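Enquirer: Dropping the structure in here first, questions after.
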Amino acid sequence: MISGMHARISFPYKPITNQQRMSVRQTGRPLWLALAEKSMPSRKLISSRFPVSSGRAFVASGTAALALTMCAVFASGQASAAEIAGVPNELQAPAQQVQQQAVQFDQTLPQSQQDQVQQFVQGLPAPFSQLLPPVFPDDLDGWIHHALYLMGQDNIPGSYDGIFRNVMRESGGNPQAINLYDSNAAAGIPSKGLLQVIDPTFQAYHVDGTSWDIYDPVANIAAACNYAAHRYGSIDNVFSAY
């Protein structure tokens, strides 16, 4: 929440221990700042006050909010969904909750400040760099990298070169491509999208976290690669119609 010219952050927390109280008294530093810095020891997060008008300060305030949310959620032990690499199993649930809250927080910012926070967070050591999922450009290069990112979470094999080569052969990079002339089309299930997938294959090999729209470029790539992995070992092994 922004109040006046300074960022103020509120969050739930567990009652502090006597040892924490003693540390705060000795150093004269706010407890929330000590907890935030302790959670990210390799970086100095923020000073206790910073003007919102500064771009760098806003990045710092946003990152501090994410770090504080992390402290709060790890304390409460709330649960969520997709596994985060580098986080022990017993901390997966709170870490996933942190990621969800971080995404929600980031989406409340103007786009320019979202980009700044995104760049800052991704430069942090793991697992803090995964607080915000990466952002990909809305073009063929971005679609392939986005699909590879999601495929990596499900251990689906494939490389950028293998995907790009097959995309250019199948659709020329047009996500709206549809083949109305082959045997699949004659059977009423034309091949669609970047990697010319038919509807039954798309539905059977759909990858969690992607759209159910077969023309969605990321979903189309991910499903095609999942199918290719099951049938050929990898999309990298496909060199002709499949």
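The values are calculated or read from the model by the stated rules, or taken from the named source; none is laboratory data. Quantities reported herein were computed from a predicted structural model and do not represent experimental measurements. Cβ sites come from the backbone with ideal geometry, for glycine too, and all protein chains shown count toward neighbours. The area values use the complete protein model at the heavy-atom level, side chains included, leaving out ligands, DNA and RNA. Shrake-Rupley method; radii C 1.70, N 1.55, O 1.52, S 1.80 Å.
Enquirer: For the stretch 169-197, how many residues meet the condition of being touching a helix residue (DSSP H, G or I) at 6+ places or on another chain (Cβ under 9 Å) and free of Cβ contacts under 8 Å to residues at least 12 places away in the same chain?
Expert: 1
Enquirer: Pairs please, first residue from the stretch 87-98 and within 18 Å of Pro133 (Cβ to Cβ) and modelled with pLDDT under 70, second anywhere and open to solvent by 30 Å² or more (accessible area, probe 1.4 Å) and in a helix (DSSP H, G or I), Cβ atoms under 9 Å, 6+ apart in sequence or on different chains.
Expert: Going by the 9 Å Cβ cut-off, the qualifying pairs are Val87/Gln130.
Enquirer: Moving on to the next point. I'd like to know if the stretch 207-223 contains one or more residues that are more than 16 Å from Ala147 (Cα to Cα) and either out of contact with any helix residue (DSSP H, G or I) (no Cβ under 8 Å at 6 or more places or on another chain) or of a type in the set (A, V, I, L, M, F, W, C) (or both).
Expert: For the stretch 207-223, residues more than 16 Å from Ala147 (Cα to Cα) and either out of contact with any helix residue (DSSP H, G or I) (no Cβ under 8 Å at 6 or more places or on another chain) or of a type in the set (A, V, I, L, M, F, W, C) (or both): absent.
To keep it simple, each residue is scored yes or no on (1) in contact with a strand residue (DSSP E or B) (Cβ under 7 Å, 6 or more places away or on another chain); (2) open to solvent by 70 Å² or more (accessible area, probe 1.4 Å); (3) under 19 Å from Ala93 (Cα atoms); (4) modelled with pLDDT of 90 or more.
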| residue | (1), (2), (3), (4) |
| --- | --- |
| Leu124 | no, no, no, no |
| Phe128 | no, no, yes, no |
| Leu131 | no, no, yes, no |
| Val135 | no, yes, no, no |
| Gly142 | no, no, no, yes |
| Gly152 | no, no, no, yes |
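Enquirer: Taking the conditions exactly as written (closer than 20 Å to Leu180 by Cβ and in contact (Cβ under 8 Å) with a residue 24 or more places away in the chain), does Ala224 satisfy them or not?
Expert: Answer is yes for this residue.
Enquirer: Follow-up question, since we're still on this one. Filter the stretch 189-218 for residues that are closer than 18 Å to Gly158 by Cα, open to solvent by less than 40 Å² (accessible area, probe 1.4 Å) and either in contact with a Leu (Cβ under 9 Å, 6 or more places away or on another chain) or assigned to a strand (DSSP E or B) (or both) and give the result.
Expert: Listed by number, the residues that qualify are Leu194, Val197, Val207, Thr210, Pro217, Val218.
Enquirer: Separate question: Against the definition (open to solvent by 70 Å² or more (accessible area, probe 1.4 Å), farther than 30 Å from Gln96 by Cα and among the hydrophobic types (A, V, I, L, M, F, W, C)), how does Ala177 come out, yes or no?
Expert: Against the criterion (open to solvent by 70 Å² or more (accessible area, probe 1.4 Å), farther than 30 Å from Gln96 by Cα and among the hydrophobic types (A, V, I, L, M, F, W, C)), Ala177 does not qualify.
Enquirer: Would you confirm whether or not the stretch 231-239 contains a residue that is modelled with pLDDT of 95 or more, open to solvent by 70 Å² or more (accessible area, probe 1.4 Å) and hydroxyl-bearing (Ser, Thr, Tyr)?
Expert: Yes, some residue in the stretch 231-239 is modelled with pLDDT of 95 or more, open to solvent by 70 Å² or more (accessible area, probe 1.4 Å) and hydroxyl-bearing (Ser, Thr, Tyr).
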